[in-house]
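The block underneath contains the structure these notes are about, expressed in structure tokens.
None of the figures in this text is laboratory data; all of them are computed from the coordinates on show. Because the structure is predicted, anything quoted here is derived from the model rather than measured. Glycine gets a Cβ as well: all are built from the backbone with ideal geometry, and neighbour counts include every protein chain shown.
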Amino acid sequence: MLKFNTFLALFLCASGLIGQAIFAEEIDVPKGHISERVVMPPSPLTLQVLFVGGHDIVQTTETYYNPAGRQIAKEWHDFIGMTPDPTGASLGWVSVNHEMIYRDDKIGDGGGMTVFRIDRDPITGLLEVVDQTLEDGRSGQYFNVDFANTVGETGMNCGGISSTFDGRIWTAEEWFRTSNTSIHNSNSDVGSPTADLPAEPYDDDRPGGGVRDTADFTVFSEDFPEWDGMILKKYQNFNYMVEIDPKEAKAIRKQYNWGRMGWEGGAITNDNQNVYMGPDATPGYFMRFRADRPGDFTKGSLYAYKEDAADKWVLIEGTPEEMLDVSSLCAAAGATMYNRPEWVAHDKASNKIYWTETGRDFPGSRFANGIAAGATMSYAHNARAEAQGLADATDSNYRDTYGRIWVYDPATREHYVHLEGGPDWTEAMSPSESEYFDKHLTNPDGLSVMTIDGQSFLVIQEDMNGTSYGRMPAGTSGRFCELYILNLAIENPTIDDLIRITAVPAGAEVTGAIQTPDGVSLLVNSQHPIVSNPFPWNHSLTFAINGFDRVTVEDLNTDAEEAIAVKKKNFKDNVEDAFTIYPNPTTRTVFLDKTTDVAIYDVRGSRVKVERATNRVDVSELKAGIYFIQNTAGEMVQLVIE
Amino acid sequence: MKKVAIIVPAILFFLIAVAWQPSPVDPRSALDQVQKDYLRNMEYLSQDIQTYYDAATSLTDDAAAIATLQQAHLKARLSYKQIEYLIEYFDAAGAKQVLNGAPLPKTEPKVAELRVIEPKGLQVLDELAFDDAPFGKKDELIYLIKQLQSNYEAMRAYQGKIKITHRHIIEAIRQEIIRISFLGLTGFDTPGSVNALPEALIAWHSTFRAYNYYDPMVHAADPKLSGTVKQLIKDGANYLASNPDFDTFDRATFIKDYANPLYGLLLDVHHTLQIETAAEAGLQPTAVDYEGRSMFSESLFNKDYFSGLTDEYAAERRELGRTLFYDPILSESLKLSCGSCHDPQRAFTDGQRTSLSHAGMPTRRNAPTLINAVYAEKYFLDLREERFETQMNHVVSDHNEFNSDFIEIIDKLAQSEEYMAMINAAYPTYGLSQHAVTNAISHYVASLTGMDSPFDQYLNGEEVAMSESAINGFNIFMGKGACGTCHFAPSYSGIVPPLYMESESEVLGVPATPDTADFVLDPDLGRQANAKPLDEADIYAHSFKTVTVRNIEHTAPYMHNGVYATLEEVMDFYNKGGGIGHGLELDNQTLLGDPLNLTATEIADVISFMKELNDLPSGLAEHPQVELPTFSDPALNNRQINNY
């Protein structure tokens, strides 16, 4: 082997350029002097699994003639709500959405939520799920939120609202339903799942995989006199924002007065009076509900954003029957269309609203339908379409591959794109060669704001629509979603400013991220991972990233140029040009002084990692130990990972 | 199958002429050459699409104009074949989505809306351009070519900026060997033009041209390897060039003698050149195990990718799983076990048309074999489950089957000291839980695999007697019979090469009874009624998973409803064009309806071939020796292993 290594080494030295060097599979470990030895301390951040779907057991209420008891928790974890404990007896209550619409004899058909109470162990610093006994007599750790016996079954619980004012929680029933058949999930009683399904009461033996009770639903609510007593088709009792009581694990009310839409996310501003919301659809609209009095969201007015209107918001009003389809009212009012508005986040410090527009590959025909119904096109989409050589965004070839994040300032009613996803591969937007694939943002979905070291950061969570067009590194086909944070102090940020905090297991969507009230942990959901991940990561689960109290803004610095320059200055003159690296223990990244190919060898001289044409290496998967990093020029640095 | 178009363009001779020019011994130069070729060939395709567009806009009903259009189509496709190995390697999803995906509608993934996306790209165009009357489709052609142009140019902007590395190139070459062998040569993407052979030749040349740039380096390190590879490339090209007829092309010989050996040798090239692996580049494991040397072996697949199982306590878990598999304790009635419908003596099927419930009544569907079942993206005949490990949850909760839930099962198992000892030994961290039960059974079911049948051995060049009939059968299966365009090699199931990450389902129009005179559709809605909101589209009505034909000799009766008792009946159904060929009116049928026109001998050949695909895991034909653990509740100890 030695002879051959020498042969290859010839090219190594000769090539000089990046992207093409060949590194030997085995090297002789350097003995004696090595120009640099760099130590990467352990990360201040640690992972802790809190709640595993399809594994942990929830306490159920009496449902469908089954007595109260236990059941394996549902999966498809999406939104996480955090309700601080005002008594200080614990950190607070965590509410987790289950984005599904499947039958379950004990939890209730449809989707659902699980709630649990957490506290922090003062010695280990870890979170613990606290035992509770609820008013209805249930005892345990995890509790199914009772929808079936309170406000009617729920479904497709995607996003929601976790009020930054007082921790009130709403769950959003996404995916607009249009027939009883579509909530019953396929049955053979009517010949075809898309044919209309008759209204029939719950029967254990009905064949549907979803909601079996399709009998008409009578609204019983003193909160909404206009709706009280209204008889709905069963499917019309879905697609609301639904407030729940996380302490007693039961639903409080479906928010009929906010209208029926494929709601996804929402946020409440510091006045505790305005709710900003996004419905996941194309066309989708940026919505606002303004309560007449702070804190009482049962009375008030609904608005949709209209970019070309003088005061920006148009009133959306209608009879209770008309409010069963708010999207149509928005289109008729000429509201501005977007491409899948999803989560909405609120920054308490600035009182600004941020929201994700997830994007969708070819939205043109949907926008055209919206125009026909009276809606208007967002300036951002028409500008993008023009850049693609098309007349406007209604063209069927218009592409919106990556999505973006918007910001809205209630003080000025200004609304503009805060961060464009990408890279979009057009000349102007292409990233510098060394930054891709590390620097990219694909289909942002979940969104929240967290505070690190006194500074607000946007927490951005991907849910990839697909893997095409560079959304995954070339030559890979699985999905791999990442969670980034973005310092809100940065004006006009680009994807270069994103800081990668975690990636969830293969195939999963990362979502739900929310900070604990003590600032120490970020709770995150990993939803629908593929089976090839090891247990419990092959289930939807809620985990915590602990240790943010020990992270400073400086620790998250992704621009190592300055640090490397300082370091080089400290060298003696003759090694100033030597290969220099700079480790960031928090993000588990090793920065390089220039763009190069690198190979990492373990302590025995076996090659374990090769990265090409890069100025940074993610070493998060490397075990603690001694490594050697070699660059294209053959220079070597010792890296000690602790 | 409309007509056979033979096109041998000038470009082909050009390729043959330049293919063997020596390249400098320098990895940088090799990479630069590949990149240069790629950029140039992408530009050629751009020009060809423009020419194709022009031919469509000036299309008349005149024979010359139609010929011009068809030539332009074939030229564009051939140019695509020159870049196929890289463009599809780099962006498999994008290529499938907009460039050369199957001409079938799909539902849009990841949106909160049921939206059917009409197929686009070169395969749809292949059907249109070679339609009986293309002029009648002029508007559609113009629309689709314009769309192709828009999408291709966006794709090209991205592809042109990819940082190509050595690893990409060798991996792409190996992937293309699978693509040519199992897709291109079957006529998969040339449904109208049937221009599969000339396309395969172009793809072969262009792909191995990339190897040639590296050959001097291989030669310097291992002259023998270089010599063997070069000879096989050349011989394979000659074989393709001298046997251009789609129906008579001998795929068995081509794959056995050239494609499959090269697939293994290119792995040696990868390691000989000391190029890093995908794992070293930080990438996740894939369905294809890159270290596999043969395309006809289980080693082609990465079982862990499909199963998610780890080696930890594997023996204990498999043994626990085997016990649970045959133990009716899992069912409420204490009558059914997994083994009731998956009998090892029948290759893990039950011989019933449709399986029997705990009350002895027929259920909806035929029990599929469990052998190699792990190799799928989705499970059950209606594709309702995406995770191997949670398959059994459906069986547990189904009122006709186990009619139970995991809380009941856990409470029962807790009453058996024997079970608790096994569970604690196998799952020391989590103990008794739903996970322990489903994971243990997964370990056992995942062990039921085998792809070393006589025909695999034959294609691997091993010393094995193989009848002419079976070899002919393979060639028909993979060619004229079009079986291999859905039952993809080497699993001969619906997982799609070359990535094997997607399970397909098809609308065949399977009848309720075998009576061909009174042909009535089976009422089962299949995939459309699988309770997954994104599958509720009408395109999935009566759609069923494409199952494997491995071990098919032992898995009668056949089809989702067990309607056919013999393979002859199954072949007759397909030979007459499936449901549509029997005059069945049903939308979205996958089969074209044209009779395959296979002769009785050809049908017998296909059946002989399929009967050479038996590889039952060793010892399975015997009655499994399972001691059922005892329980503290004596009522539970009366249960018995089922009478399979």
Legend entry - Estimated dipole of chain A in Debye, rounded to 20 [Cβ of Lys and Arg +1, of Asp and Glu -1, Cα centre]: 1160 debye
Inset, instruction - Take every Cα-Cα pair in chain B and report what % of them are more than 33 Å apart. - result: 50 percent
Inset, instruction - Obtain the nm distance between the two label points defined at A:E562 and B:E418 by a simple spin-label model: each point lies 7 Å from its Cα along the Cα-to-C-beta direction. - result: 7.1 nm
Legend entry - Value of D in µm² per second that Stokes-Einstein yields for the stretch B:463-611, Kirkwood Rh from Cα pairs, at 25 °C (0.890 mPa s): 154 µm²/s
Legend entry - Computed [θ] at 222 nm, helices only, for chain B once each DSSP H run of length n ≥ 4 contributes -39500 (n - 2.57): -13500 deg cm²/dmol
Legend entry - Cross-link table B:K161/B:K532; A:K254/B:K110; A:K247/B:K110; B:K230/B:K303; B:K96/B:K138, entries beyond 28 Å C-alpha to C-alpha: B:K161/B:K532; A:K247/B:K110; B:K230/B:K303
Inset, instruction - Could you tell me the distance between the Cα centroids of the stretch B:136-171 and the stretch A:116-172, to the nearest Å? - result: 48 Å
Inset, instruction - Counting only C-alpha contacts under 8 Å and six or more residues apart, can you give the relative contact order of chain B as a whole percent? - result: 14 percent
Legend entry - Unit charges on C-beta of K, R, D, E only; dipole of the stretch B:463-611, Debye: 360 debye
Legend entry - Sequence of B:M451, B:M420 once ranked by neighbouring C-beta atoms within 10 Å, starting from the fewest: B:M420, B:M451
Legend entry - For B:P362, net neighbour charge (Lys/Arg +1, Asp/Glu -1) across residues whose Cβ lies under 12 Å away: +2
Inset, instruction - Would you please give the FRET efficiency between B:S58 and B:I117, computed as 1/(1 + (r/R0)^6) with r the Cβ-Cβ distance and R0 = 35 Å, to the nearest 0.05? - result: 0.75
Legend entry - the protein assembly as shown - share of DSSP beta bridges that are antiparallel (%, nearest 5): 95 percent
Legend entry - Residue-count net charge about B:S299 - beta-carbon cut-off 12 Å; Lys, Arg +1, Asp, Glu -1: -3
Inset, instruction - Please give every one of the aspartates and glutamates within straight-line cross-link reach of B:K335, meaning a C-alpha to C-alpha distance under 20 Å, and leave out same-chain neighbours fewer than 8 residues apart. - result: B:D327, B:D343, B:D350, B:D398, B:E401, B:D405, B:E408, B:D411, B:E627, B:D633
Inset, instruction - Counting helices only, and only those DSSP H runs with n ≥ 4, report the 222 nm mean residue ellipticity of chain A as the sum of -39,500 (n - 2.57) divided by its residues, in deg cm²/dmol to the nearest 500. - result: -2500 deg cm²/dmol
Inset, instruction - Fewest Cβ neighbours within 10 Å first, please rank A:M287, B:M422 accordingly. - result: B:M422, A:M287
Inset, instruction - Calculate the mean, over all residues of peptide B:281-288, of how many other protein chain Cβ atoms lie within 10 angstrom of the residue's Cβ. - result: 6
Inset, instruction - Under 12 Å from the Cβ of B:Q415, count the other residues' Cβ atoms, weight Lys and Arg +1, Asp and Glu -1, and hand me the total. - result: -4
Inset, instruction - For the stretch B:320-376, list log₁₀ I(q)/I(0) at each q in 0.22, 0.25, 0.31 Å⁻¹, using the Debye formula over Cα point scatterers of equal strength and ignoring solvent, two decimals each. - result: -0.90, -1.09, -1.25
Legend entry - Long-range Cα-Cα pairs in the stretch A:367-487 (distance over 26 Å), rounded percent: 30 percent
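By how many nm would the segment from A:K31 to A:A624 grow when fully extended, if each residue of separation counts as 0.36 nm and the alpha-carbon distance is taken off?
Full extension from A:K31 to A:A624 adds 211.4 nm.
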Inset, instruction - Give me the percent of Cα-Cα pairs in the stretch B:170-271 that sit more than 21 Å apart, rounded to a whole number. - result: 30 percent
Legend entry - Rg ratio (alpha-carbon, reference 2.2 N^0.38 Å) - the stretch B:100-229: 1.35
Legend entry - Convex hull volume per residue for the stretch B:10-283, taking Cα atoms only, in Å³: 137 Å³
Inset, instruction - Could you give me the percent of Cα pairs per 20 Å distance bin for chain A, shortest bin first, beginning at zero and ending with the bin that holds the maximum distance? - result: 18, 49, 26, 6, 0
Inset, instruction - Could you work out how far the C-alpha centroid of the stretch A:317-351 sits from that of the stretch B:241-319, in angstrom? - result: 51 Å
Legend entry - Cα gyration tensor category, rounded, prolate or oblate, for the protein assembly as shown with a/c compared to 1.5: rounded
Legend entry - Full-stretch length increase - B:E140, B:E585 - with 0.36 nm per residue and alpha-carbon distance subtracted: 157.7 nm
Legend entry - Residue order, fewest to most surrounding Cβ atoms within 10 angstrom, among B:S29, A:S521: B:S29, A:S521
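Once you have the Cα-Cα distance between B:K161 and B:S242, take 0.36 nm times their residue separation minus that, and quote the gain in nm to one decimal.
Numbers: separation 81, 0.36 × 81 = 29.16 nm, distance 3.77 nm.
Result: 25.4 nm gained on full extension.
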Inset, instruction - Return the distance in nm (one decimal) between the two label points of a simple spin-label model at B:S299 and A:I371, each offset 7 Å from Cα along Cα→Cβ. - result: 5.8 nm
Legend entry - Number of partner chain Cβ atoms within 10 Å, mean per residue of A:103-110: 1
Inset, instruction - Report, for chain A, the % of DSSP beta bridges that are antiparallel, rounded to 5. - result: 95 percent
Legend entry - Distance in nm between pseudo-label sites at B:D132 and A:D136 (7 Å out along the Cβ direction from Cα): 6.4 nm
Legend entry - For residues of B:520-533, the mean tally of beta carbons on other chains within 10 Å: 4
Legend entry - Quarter of the Cα convex hull surface for the stretch A:171-275, i.e. its orientation-mean projected area (nm²): 7.9 nm²
Legend entry - Over the stretch B:306-450: Kirkwood hydrodynamic radius from C-alpha pairwise inverse distances, Å: 15.4 Å
